[in-house]
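Q: Got a structure for you, questions after.
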């Protein structure tokens with residue numbers, strides 16, 4: 001019955017849309033601007049990253065260039081050299097976000113819980129069954145169809161303790177705030193979303209109900225305050241050239257540290273950088289810090305630096321993707337008519353369909369972006385996504401991309417780390433000092449200092465820069481502030497030509513350090529014994545006292561020593577009345593610190609509950625020797641009566 005309800009509900013899946021760009025999903029939900037392409041704050045399109053879509057045809061190259069810009073639009077300047085006077089035009093902004101999502105590398109962290117598991121489990125007698133003929137027999141609830149149905153529905157309808165909504169987790173994902181929850185009542189869940197600032201129309205309750213009945217988890221998202229559409233449009237340039245090229249040398253004039261440059265190259269075959277190495281991300285370095293911040297952007301920068309500062313990562317190499325919306329199961333989109341009733345609901349779900357065009361145009365140029373990528377897929381068989389992270393001092397070359405003959409079309413890159421964790425039982429770790437030291441060092445996983453050493457401070461992980469280098473604060477790919485070390489002298493002196501630069505250090509404090517004006521940007525030179533942390537506010541880092549020198553520049557997993565720590569085994573679980581303990585096989589036993597085993601008298605099974613006394617409306621009635629039996633029976637009867645009232649036949 002539950003499977004039938006789930007299948008019937010899939011046709012309405014896209015009615016649960018919230019603001020995000022998602023492709024190849026059972027519920028395709030679309031709304032620009034650029035989202036994070038990996039989710040869970042793993043890796044987001046930086047405000048100051050550079051992306052270029054190339055089309056390579058015989059002796060012709062078309063470049064669609066997007067540079068995300070933070071600052072006053074009136075002061076925006078963009079200079080791009082090309083081999084000849086190009087054909088100029090504009091390209092849709094949303095195409096870059098959609099392509100990001102469709103080709104995103106599979107990057108993440110599989111957290112391994114090392115906490116011990118008790119060797120003891122609660123056991124109960126089966127609830128007695130009171131037969132309709134007056135006979136009472138003890139039968140297992142697993143053999144009783146009514147009780148089996150109650151177990152299946154009870155988990156979903158109870159809401160985890162009687163509340164209609166149980167929040168399972170919240171997190172910031174790129175430009176979105178998300179909440180994951182389970183609900184026992186669709187109407188109450190929809191109202192809860194509205195009460196918490198989510199835009200939910202009146203029809204949402206109808207579409208949510210089948211998922212509530214199937215005990216599914218919901219994820220809702222909204223834009224963080226201040227997020228909006230970037231007004232600067234990508235420039236399209238078509239010119240004659242044998243291969244595509246990125247003018248990085250000119251980019252160095254105003255580039256941020258660890259600028260991320262991504263080239264999407266469409267053609268008849270795969271492409272690779274010419275004359276520069278293709279590097280591989282070591283999955284053993286992929287990890288997250290104590291706040292759950294994924295370190296892939298930092299590992300990417302470190303890997304490129306270790307290759308000499310000119311390496312590239314192939315994040316996707318495969319057939320040109322065709323974006324899907326609505327999913328094959330729901331059939332909401334690309335059917336020619338509004339099967340799910342999503343048209344004119346102020347949400348963009350089916351950008352190819354005319355019935356949803358007004359909704360999609362109201363939030364940006366998504367229909368144009370989808371049409372653009374559809375044309376790319378029709379014209380070009382293969383797509384390669386090539387990414388690097390370079391600081392201005394490393395931008396000494398203009399990378400050119402050529403055919404990669406014989407390369408396998410394997411799809412997205414996969415880099416998943418495995419990270420041990422003791423957060424759930426850290427109070428029972430025997431060597432607390434060793435645990436705290438390892439736990440603190442893990443903050444360096446999401447910091448990359450470059451020419452400096454990662455250290456710990458009371459304000460978090462920071463950078464102790466090498467001589468001749470200063471600390472610079474910047475916004476990293478996940479939208480969060482980071483700190484790194486850069487040369488004290490800029491590659492290009494912006495004031496050499498008489499350009500007046502503001503006093504960058506006016507009214508700026510570096511804490512335990514000195515502010516330095518570097519091309520009109522404040523940086524910090526920390527005093528001895530101090531290191532720079534990003535801090536919550538800009539524009540400069542803050543120099544604070546060093547507590548521990550972790551060693552190395554950061555951007556790796558420091559949690560491995562957790563595997564060697566001894567942990568006390570947990571106490572036995574609390575059993576309900578009528579229960580007793582039985583030893584079971586534990587995957588992680590732990591150390592017996594005196595409370596790991598139950599009292600001997602609790603190992604004996606009490607007498608089994610029986611029926612008696614109150615023969616009545618349910619056959620013979622039962623005394624509540626096992627309280628769960630009577631409660632479950634009453635709940636089931638009430639639930640079935642309620643269902644009959646709601647769904648008359």
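Only the coordinates and a few stated rules stand behind these numbers; no lab work does. For clarity, every value in this text was computed on a predicted model and none was experimentally measured. Cβ atoms come from the backbone with ideal geometry, glycine included; neighbour counts cover every protein chain shown.
Q: What full-extension length gain, to one decimal in nm, is calculated for residue 418 and residue 306 as 0.36 nm per residue of separation minus the Cα-Cα distance?
A: 38.1 nm
Q: How would you rank 389, 302, 272, going from fewest to most other Cβ atoms within 10 Å of each one's own Cβ? Walk me through the intermediate numbers first.
A: Working: 389 29, 302 24, 272 19.
Going from least to most buried by this count: 272, 302, 389.
Q: Report the gain in length on full extension from residue 381 to residue 437: 0.36 nm times residue separation, minus Cα-Cα distance, nm rounded to one decimal. Write out the running numbers ahead of the final one.
A: Details: separation 56, 0.36 × 56 = 20.16 nm, distance 5.14 nm.
Fully extending the segment from residue 381 to residue 437 adds 15.0 nm.
Q: How much FRET efficiency would the formula 1/(1 + (r/R0)^6) give for residue 274 and residue 110, where r is the Cβ-Cβ distance and R0 is 41 Å, rounded to 0.05?
A: Numbers: r = 36 Å, r/R0 = 0.87.
Efficiency computed from Cβ-Cβ geometry: 0.70.
Q: Right, here's the next one. So for the pair residue 592, residue 337, with labels modelled 7 Å out along Cα→Cβ, what separation do we get in nm?
A: Placing both labels 7 Å along Cα→Cβ, they lie 7.2 nm apart.
Q: Report relative contact order for the stretch 443-564 in percent, whole number only (criteria: Cα-Cα under 8 Å, sequence separation at least 6). Let's see the in-between values first.
A: On the way: 297 pairs, mean separation 40.4, N = 122.
Taking the mean separation of contacting Cα pairs over the length of the stretch 443-564, I get 33 percent.
Q: Expressed in nm to one decimal, what extension gain is obtained for the pair residue 188 and residue 410 from 0.36 nm per residue of sequence separation less their Cα-Cα distance? Kindly include the intermediate steps, with their values, before the conclusion.
A: Working: separation 222, 0.36 × 222 = 79.92 nm, distance 4.50 nm.
Length gained between residue 188 and residue 410: 75.4 nm.
Q: Arrange 264, 435, 239 by Cβ neighbour counts within 10 Å, fewest through most, would you? Walk me through the intermediate numbers first.
A: Values: 264 27, 435 18, 239 15.
Lowest count first: 239, 435, 264.
Q: Quick check on the exposure proxy: order 262, 548 from fewest to most C-beta atoms within 10 angstrom.
A: Working: 262 25, 548 14.
So the residues, fewest neighbours to most, are 548, 262.
Q: Relative contact order (percent) for the stretch 278-410, with alpha-carbon contacts under 8 angstrom and 6 or more residues of separation? Intermediate results must be reported in sequence, preceding the final value.
A: On the way: 161 pairs, mean separation 37.8, N = 133.
Relative contact order, the stretch 278-410: 28 percent.
Q: Take the alpha carbon atoms of the stretch 283-323, find their center, do the same for the stretch 244-278, and report the distance between the two centers in whole angstrom.
A: Measuring centre to centre over Cα atoms gives 15 Å.
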